[in-house]
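What follows is calculated from the coordinates using simple rules that are stated; it is not laboratory data. Note that the structure is predicted; figures quoted are calculated from it, not measured. Neighbour counts run over all protein chains shown; Cβ positions are idealised from the backbone, glycine included.
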């Protein structure tokens, strides 16, 4: 009996060593292609294409995957820049999500001081890194499957317009995730963490007011100001803030307020977001915003209509998958700065009011946590209600950097961003390999998913049945 136990222990040790050697070989190959992937990411950073306008960025990732043997489905879910790339056949089907849209009004050169690059947009959320790292991971998993004759399917989802355009929602609504077993994703950040994620549900719309033009001095009584409608709406919504849950968020920008002070504007537009960590509360708040708009139109003698632009669910965590992702992130570890990168980071930190850069935070992994406080929204939330989903963040920015800032754009255009990107690629690759090797893990994740989602759950997209908002950035 003792001999059998010893043999069993030796076999387990041998298998463990083989698995480690297997993983080391995959990671080494990713390292050998880091410069190539860095070039792809920086090309997309330079393109800085906004939501549903990412023609070149999408085409570049498609070509990269197609050259590696993936079959490509273009223009899925009625979106020209959305695509699916697939390798293999049968189960399990493991999805890797990738994004590549930039944000408007955040043009910035890759320098540690604020300096615009003369473009309409900038990658202030690091989606050039997001899409590229996910592509790298999909290719690395494909190579591993091919070399080891692994059965199953690795599938890359090219997801446009995450920034307010809700691209993934249309893909979920179209049923494109119905046969997927697990979805993997990540996001650029200022630290390395693979904790249970959270996100705010979100509804957004553009409210358009229509008035009557007239000379603002010569015949003001003949006019009805559409801008008055917008301002009256904004005033009522701002008063409403006192009477909504404190965790809720409402924000807006006036996208069109007229063209000249001496002309009573006959058209004005305001763009609203409503958020909360429960989608039912978001729906209630948004309906009250609509009532405010209707009252504003009535009170100012204007008319109003609105267009739903986006709507996303909150994020449904999966702790079974999260622990696997975290363990793999700790194996990969963080990043170390060169002296040149340290000098860059110090200047970025000083621009944000810090005395010095906490570069040690980029080299470490944050402790594992099973709860998280939501601070933003993502259309990954809808994916997480369609299929067990797990993600992580890596230090692609100088620690302390907020997303949607010029500092995020600048650092994302450097080797610091590229290094953090490869941490994500490696972690997603190892996690996908674990899922292919362990069917019981996939089963357990699905069981948790069904329990968390609830037996009576029915998916209803918050943006309704509208067609993709392809012109929302125009």
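Zone of residue 404 (label point 7 Å along Cα→Cβ, backbone N under 17 Å): which residues in the range 299-313?
309-313, by backbone N distance to the label point.
Just to verify a number: FRET efficiency for residue 91 and residue 242, C-beta to C-beta distance, R0 = 45 Å, to 0.05?
Numbers: r = 52 Å, r/R0 = 1.16.
Taking R0 as 45 Å, the efficiency between residue 91 and residue 242 is 0.30.
Relative to the longest principal axis of the chain, what angle (0 to 90°, nearest 10) does the C-alpha long axis of helix 226-240 take?
Helix 226-240 and the main axis of the chain meet at about 60 degrees.
Grab the beta carbon distance between residue 447 and residue 336, set R0 = 41 Å, and tell me the FRET efficiency rounded to 0.05.
Numbers: r = 39 Å, r/R0 = 0.96.
Computed FRET efficiency for residue 447 and residue 336: 0.55.
Stretched out fully, how many nm does the piece from residue 39 to residue 67 gain, at 0.36 nm a residue minus the Cα gap?
Values: separation 28, 0.36 × 28 = 10.08 nm, distance 1.62 nm.
Contour length minus the Cα-Cα distance gives 8.5 nm.
If one computes P(r) from the Cα atoms of the chain, what percent of pairs lie at distances over 34 Å? List each step's numbers first, then the result.
Values: 42297 of 112101 pairs.
For the chain, the share of Cα pairs beyond 34 Å comes to 38 percent.
Among 159, 125, which comes first, then next, by fewest other beta-carbon atoms within 10 Å?
125, 159
Using only the alpha-carbon atoms, how far is helix 55-66 inclined from the longest principal axis of the chain? Give it as 0 to 90 degrees, nearest 10.
Here the helix axis deviates by roughly 20 degrees.
What ranking do 265-271, 23-29, 160-166 get when scored by the average of other Cβ atoms within 10 Å per residue, highest first?
Values: 265-271: 20.9, 23-29: 14.9, 160-166: 27.7.
Highest-to-lowest ranking by the protection proxy: 160-166, 265-271, 23-29.
Under 8 Å for C-alpha pairs, at least 6 residues apart: give me the relative contact order for the range 201-312, rounded to a whole percent. Display every interim value, and only then the final one.
Working: 242 pairs, mean separation 51.0, N = 112.
Once normalised by length, the contact order is 46 percent.
Normalising by the residue count of the chain, find the relative contact order in percent from Cα pairs under 8 Å and 6+ residues apart.
Working: 1053 pairs, mean separation 105.2, N = 474.
Here the relative contact order equals 22 percent.
Tell me the angle of helix 339-351 to the major Cα principal axis of the chain, expressed in degrees between 0 and 90 and rounded to the nearest ten.
Orientation of helix 339-351: about 30 degrees from the principal axis.
With label points built 7 Å along Cα→Cβ from the Cα atoms of residue 368 and residue 459, find their separation and express it in nm.
2.9
Over what distance in Å are the Cα centres of the range 414-474 and the range 46-114 separated?
Cα centroid of the range 414-474 versus Cα centroid of the range 46-114: 15 Å apart.
Pull up the DSSP beta bridges for the chain and report the antiparallel fraction as a percent, rounded to 5.
On the way: 42 of 59 bridges.
The antiparallel proportion sits near 70 percent.
Post the alpha-carbon centroid distance, the range 278-318 to the range 122-191, in whole angstrom.
30
Taking Cα pairs under 8 Å and at least six residues apart, what relative contact order does the range 59-218 come out at, in percent?
Working: 240 pairs, mean separation 44.8, N = 160.
Reported relative contact order: 28 percent.
Compare the peptides 203-212, 374-383 by average per-residue count of other Cβ atoms within 10 angstrom and give them in order, highest first. Intermediate values should be presented prior to the final figure.
On the way: 203-212: 22.2, 374-383: 23.8.
Highest-to-lowest ranking by the protection proxy: 374-383, 203-212.
To the nearest 0.05, what FRET efficiency results for residue 174 and residue 319 with a Förster distance of 30 Å applied to their C-beta separation? Could the numbers behind the result be given before it?
Values: r = 29 Å, r/R0 = 0.95.
The formula returns an efficiency of 0.55 here.
Test of understanding: ordering 315, 60 by Cβ neighbours within 10 Å, fewest first, what list do you get? Numbers along the way, then the final one.
Values: 315 25, 60 19.
Taking fewest neighbouring Cβ atoms as first place, the list is 60, 315.
Can you pull the percent of Cα pairs in the range 201-312 with separation above 19 Å? Mind showing how you got there, number by number?
Numbers: 2719 of 6216 pairs.
Result for the distance tail: 44 percent.
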